Amino acid sequence: MSVTLQLLQGFEETLKVFALTLVFSIPLGLLVCFGSMSRIKPLRWLIRGFIWVIRGTPLMLQLMVIFYGPGLMFHMRALPRFTAVIVAFSINYACYFAEIYRGGIESISQGQWEAGQVLGLSRSQTFFRVVLLQVVKRILPPMSNEIITLVKDTALARIIAVYEVIWAGESFIKSGLIWPLFYTGAFYLVFNGLLTILFSTAEKKLNYFRG
Amino acid sequence: MALLQVNGLQKQFDKAQVLRGVSFTLEQGQVLAIIGSSGSGKTTLLRCLNFLETPDSGEILVGGKPASRQQFGLVFQNFNLFPQYTALENVALAPKLLKIGNKSDIQTRAENLLGQVGLADKLDAYPWQLSGGQQQRVAIARALAMQPEILCFDEPTSALDPELTDEVLRVIRGLKQKNHTMIVVTHEMAFAKCVADVVIYMADGVIEEMGTPEEVFDNPKSEKTRAFLTRRFDAE
């Protein structure tokens, strides 16, 4: 019972990292995506270079740089640990989401944009009222993949000493107990099971149209 | 004065000069058919009229004044309906977003337009539930909902099975009776012959021949037109 309570405490932190990362990275990803598709070449290449760096290096390294970097490089005060985790995760996931969004937006036929244009709609009206829902439908499967990965990536937070569920489970090893570690696995499984159901419900909801 | 005046339209893509000075006029209520082989510039001309391309030079006047986008409507070869909306929503979307009249008027008008194209029983159908011909008729109603002065069609039946082209052509014929001014880029020679008031044959970015259907089809002056028509009618 005390094991369960302690793991629940750890899992609460895990969920916080998960939820806050999503809240920030989903809209931030859209901005990054627009940047990477911008007609202004220097901006486009800058953003694509940024995506390359973020996707090309380990999240663990990014976490350490964001937490220790400001102090060691610029003699600034470090971000609070938890904040540093959210910043690093949000930037990292925004870049992955941006690429998923870009794929989704580019897969929509030019004809949809042109149809909006000849009817007199502005580009943003066409995007939000015509293109967006079609994009959402197409990107749901890769987004669910990425989001399930995020649930598990939260364990990396411990690298800068942010408490989470695996750490909670591991602390029982001192007392000679291995099963709490397996137990943490159950937390992940149940949560990801719920997410899977959620996403398949969303996919079914959008099945009313094709395109 | 002619409703539409096009003067010296030119358009170049990279190195290809697609339109080399296209000029013509069209009267209110007339139907213009544009024929020609692919690559002759007819689709680019239509896209310039609809502001999908910006001409390099030349002018487009409607009623003597520089044209605006709202004066033209376009029906695409591939319909380009919005898949997440029903037929009715497709027709009503733009008028709603652009606030053309109040909500119930827009709704009623959209229903009437769909009735006019013979789809009164398909108001709530999504595009995937409709045949190609029905989808194209929704697209026509959608274009009409914005009340364009000139309605353009870019090969409206090319993506359709032969047995579905008639229902679309019948709608276009019906619009002619209601005095709509229309420009139809088409491969349907028989249709052009019987519906158009004016026919333009385009080749290599210029108007090779322009006249009544009788003039262009029965007594073409240009050698190129004659050769094109022979090839066409042999194919049909």
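The values are calculated or read from the model by the stated rules, or taken from the named source; none is laboratory data. In this text, all values refer to a predicted model and were calculated from it rather than measured experimentally. Cβ atoms come from the backbone with ideal geometry, glycine included; neighbour counts cover every protein chain shown.
Worth a mention:
- Any chance A:Ser124 is at pLDDT below 95 and facing another protein chain (nearest Cβ under 10 Å): no
- Any hit, segment B:54-66, residues being within 30 Å of B:Leu229 (Cβ to Cβ) and of a type outside the set (Val, Ile, Thr): yes
- Residue match in segment A:99-111 (condition: within 14 Å of the chain's Cα centre (by Cα), of a type in the set (A, V, I, L, M) and buried (at least 18 other Cβ atoms within 10 Å of the Cβ)): yes
- Residue in segment B:48-59 that is farthest from the other protein chains (Cβ to nearest Cβ), counting only those that are surrounded by 20 or more Cβ atoms within 10 Å (Cβ to Cβ) and touching a Cys at 6+ places or on another chain (Cβ under 9 Å): B:Pro55
- Answer from A:Thr154, A:Thr149 - the residue that is farther than 30 Å from B:Ala143 by Cβ, surrounded by fewer than 19 Cβ atoms within 10 Å (Cβ to Cβ) and of a type outside the set (Asp, Glu): A:Thr149
- Considering segment A:48-59, the residues that are free of Cβ contacts under 8 Å to residues at least 40 places away in the same chain and assigned to a helix (DSSP H, G or I) include one that is nearest to A:Val131 (Cα to Cα), namely A:Arg48.
- Residue match in segment B:212-225 (condition: within 25 Å of B:Asn78 (Cα to Cα) and either surrounded by 14 or more Cβ atoms within 10 Å (Cβ to Cβ) or of a type in the set (D, E, K, R) (or both)): no
- Total residues in segment B:1-21, condition within 17 Å of the chain's Cα centre (by Cα) and farther than 12 Å from B:Ile183 by Cα: 3
- Residue within segment B:65-72 that is touching a residue at least 60 places away in the same chain (Cβ under 8 Å) and within 7 Å of another protein chain (Cβ to nearest Cβ) present: yes
- Sole exception among (1) closer than 30 Å to A:Val53 by Cα; (2) β-branched (Val, Ile, Thr); (3) more than 14 Å from every other protein chain (Cβ to nearest Cβ) for A:Val135, by number: (3)
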